[in-house]
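Okay, structure first, notes after.
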Amino acid sequence: MENLQESLGHSPTGEAKNLITESKNIYLITSQEPEALGRSTGEAITSTLALFYTLKELGKNVNLLIDVLPENLKFLSPSLDFISYPKNFVISVPNSVAQISQIFYEKNSDALKIHLTLEGGNIKKDNISFYFSETKPDLIITVGIKDYQKELSEKLNSFGFLLDSPILNIDTLAGSVQAGTENKKFGKINLLGQNSTTEIVFALVKDINGDNIKKEPALCLLSGLVIYTENFKSKLTAEVFETSANLMKKGADLKEVTNNIKFN
């Protein structure tokens, strides 16, 4: 596995750009675990949404795997349906447990009920498995995830189609060693840096889409910087201010961000 932060002599995002360019079907997975040092997962989510909008703009078939969008970030996306959760779902009953002769369903405003008629055997709740049946993606991009297998262990049974696809692992290393949450470098390409997740993704977005950053991803990235700096009260660098100014030039409205993302 190559750690791009240690690569010399070429753009640190160059190989990530090539991998994205060659991929048509892409899944984005963002951390929903509490981040190191007690920070929320907001910055990982906003950075992932910025990638989602950018990849859509480039004509990629992109899906974002996220259970729920935090209330204060809903202004960044019309709905969870918009960000394309998997649609093909399978309910499986092993033949060794029961032989099913007929199946039908009824649907009303309250629920969908699936009825099974058994020829033999006996079905228990633990015998039934549920999983998504989708085409294996060309690429998985993780954002803010330290340990892929650990963080997704409860989901991989349902999302088995994600196994064995190449992974672009994007994460910040800042504070991770002290917090005991060092990134496991599980990706085919590991795009890691000591700056914020937002700045890493911003550099990648610029690399894959030139300077053609639209308002939607710019708004997401500016939101990430507001979260990272606690509304520009900490972790301030010249690069943070320069990136913020660049994003506002692309149409991101700082007032809209701070009206939605508040700090105590």
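The values are calculated or read from the model by the stated rules, or taken from the named source; none is laboratory data. Quantities reported herein were computed from a predicted structural model and do not represent experimental measurements. When we count neighbours, we look across all protein chains shown, and the Cβ atoms used for this are built from the backbone with ideal geometry, even at glycine.
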Check: Looking only at residues in the range 39-64 that are buried (at least 24 other Cβ atoms within 10 Å of the Cβ) and of a type in the set (S, T, N, Q), which one is nearest to the chain's Cα centre (by Cα)?
Finding: T48
Next item on the list: Determine whether the range 239-246 contains at least one residue that is modelled with pLDDT under 95, of a type outside the set (S, T, Y) and in a loop (DSSP other than H, G, I, E, B).
Entry: no
Check: What about F186, is it modelled with pLDDT under 90, aromatic (F, W, Y) and part of a loop (DSSP other than H, G, I, E, B)?
Finding: no
Notebook entry, point to check: Is it the case that the range 99-118 has a residue that's assigned by TED's automatic domain parsing to the domain that holds T48 and among the acidic types (D, E)?
Noted result: no
Margin query: Which count do you get for residues in the range 110-144 that are at pLDDT 85 or above, loosely packed, with under 15 Cβ neighbours inside 10 Å and hydroxyl-bearing (S, T, Y)?
Written below: 1
Margin query: List the strands (runs of 3 or more DSSP E) inside the range 77-168, counting only whole elements, that have at least 3 residues being β-branched (V, I, T), within 15 Å of the chain's Cα centre (by Cα) and on the phi < 0 side of the Ramachandran plot.
Written below: 139-143
Next item on the list: Tell me, yes or no, whether the range 197-213 has at least one residue that is in contact with a Pro (Cβ under 8 Å, 6 or more places away or on another chain) and either assigned to a helix (DSSP H, G or I) or more than 16 Å from A50 (Cα to Cα) (or both).
Entry: yes
Next item on the list: For the range 204-220, name all the residues that are closer than 20 Å to D253 by Cα and among the aliphatic types (A, V, I, L, M).
Entry: V205, I213, A218, L219
Next item on the list: Could you tell me which of the residues D171, D147, D164 is acidic (D, E), crowded, with 20+ Cβ neighbours inside 10 Å and either touching a residue at least 12 places away in the same chain (Cβ under 8 Å) or in contact with a Lys or Arg (Cβ under 9 Å, 6 or more places away or on another chain) (or both)?
Entry: D171
